[in-house]
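Computed from the coordinates by the stated procedures, all read-outs in this text should not be read as laboratory data. It should be emphasised that the depicted structure is a prediction, and the values quoted were computed from it without experimental measurement. Please note: Cβ atoms are built from the backbone with ideal geometry, for glycine as well, and neighbour counts cover all protein chains shown.
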Amino acid sequence: MANSSDFAPVWAELRGQPEAVEQLAAAVRNKDAGVHHAWLFTGPPGSGRSNLAHAFAAALLCPDGGCSTCKSCVMAAAGTHPDIEILATERVQISIQEVRDIVANSYLGGSMGSYRILIIEDADRMQDHASNVLLKSLEEPPANTIWMLCAPSEADMLQTIRSRVRRVGLKVPAINDVAALLVERDGIDLATAHRAAAEAQSHVGMARRLATSADARNRRQDTLRLALAIDTVTSAVLAAERWLDIAKKDADALTKERDLEEHEQLLRTMGLAPGDTIPPGLRTAFKNLEESQKRRAQRSLRDGIDRIMVDLLALYRDVLMVQLDSNSPLVNEFLKPQIEASARTSTAAATIDKLDAIAQARLRIASNVRDLLALEALAVQLRQVSKKR
Ligand SMILES: [Zn+2]
């Protein structure tokens, strides 16, 4: 299997996705023959779909196919490249005006390089009427304009858009691949790496955090233990409050860690060491990075809450596995006795109801129902009612 080190440096962040990287690196190699004007990158959260778009954009604009060190690559990494326009939103929906603005920008033409690249992160947040504004530009694109859309899955996009884009799917890496990556890259022992990869359900960033941070591990364990201990409405309300608190702490930790990493990466890209004085000419790049980090911080609480939902889904799937006498390994082996006890005191039908309730709560939170309300409603539905139905 090809490995990310076989590709230009700009692809380094896309570990574990050799097929997608190969497809795009080939498009960059053959760009003289023409580059398709619209791409859709799909993959689950944590798989790196916007990283993929950003790397592809940088690679196309770089004279060396993505060297990571030239002026063009440095600006692309810093978010200051004049030929890359990014539409990222913290809102639940992308407004029609935002799409009109970026479409208008697509007609400006490249100023430095040969392409004008427009990236829409979370393209699934466009409603139909906003999608239709974009569609016109996809049907009759200005020369050398390249659209890159990112979404969780193809199904999130209108058929009319899907038929005009070239699709690149990121896969959920296998647990063993994620574990191997943690061992190789981060020097983590195999047992710890494997457990973290399983518990993170192959989310690479989460797996690394679980493997390296006792706080992150404890927060995850608390989340699950709280769920299994809910027996009254009062304990449900308390569990919901604790979950929200855990999500906030998790979001904080994640934000700080990611911000620092990006800052150091930008320093390295510019040939500076941590602590060096930043030359005046480069300060804009750092200011820009800080601004985009601030924007993102507003979204990370949402991500923290969603992480809790994903963990709860895995927990009740484990309970269901035991109830159905499946011999497949549990995601949460460390909780086996508690999971078995929970399985004994309820029924598979009741567990399926709980899984539905979690899926419902995810939808509610995504559609802006107040976090605590949604969590409380969920916690009440997760109560362990020790009565066979
Ligand atoms: Zn370059």
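The table for this structure:
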{"quantity": "Candidates Val369, Val99, Val168, ranked by Gaussian network fluctuation over the chain, Cα under 10 Å, top entry", "calculated": "Val369"}
{"quantity": "Size of electric dipole in the range 93-188: Cβ of Lys, Arg +1 and of Asp, Glu -1, about Cα centre, debye, nearest 20", "calculated": "320 debye"}
{"quantity": "³J(HN,Hα) computed for each position of the range 252-266 - Karplus, 6.51 cos²θ - 1.76 cosθ + 1.60, integer Hz, glycine/proline x", "calculated": "4, 4, 5, 4, 4, 5, 5, 4, 5, 4, 5, 4, 5, 5, 5"}
{"quantity": "DSSP-assigned coil residues among GluC sites (Glu not before Pro) in the range 23-121, each with at most 14 further Cβ atoms within 10 Å", "calculated": "Glu90"}
{"quantity": "For the range 92-181, projected area of the alpha-carbon convex hull averaged over all directions, nm²", "calculated": "7.7 nm²"}
{"quantity": "Cβ-defined net charge surrounding Ile117, 14 Å radius [Lys, Arg +1; Asp, Glu -1]", "calculated": "-1"}
{"quantity": "Percent of Cα-Cα distances greater than 31 Å, calculated over the chain", "calculated": "43 percent"}
{"quantity": "Built amide H within the under 5 Å cut-off of Arg166, gap 5+", "calculated": "Ala38, Trp39, Leu40"}
{"quantity": "Nearest 10 degrees, 0 to 90: helix 190-199 Cα axis against the chain principal axis", "calculated": "80 degrees"}
{"quantity": "Between 0 and 90°, nearest 10: helix 348-366 axis offset from the chain longest Cα axis", "calculated": "40 degrees"}
{"quantity": "Residues Ile146, Ile86 arranged by fewest to most Cβ contacts within 10 Å", "calculated": "Ile86, Ile146"}
{"quantity": "For Arg116, distant residues with modelled amide H under 5 Å away", "calculated": "Gly110, Thr145, Ile146"}
{"quantity": "Residue-averaged 222 nm ellipticity for the chain, from DSSP H runs of 4+ at -39500 (n - 2.57), nearest 500", "calculated": "-18500 deg cm²/dmol"}
{"quantity": "Positive minus negative residues near Ala253 (Lys, Arg vs Asp, Glu; Cβ under 9 Å)", "calculated": "0"}
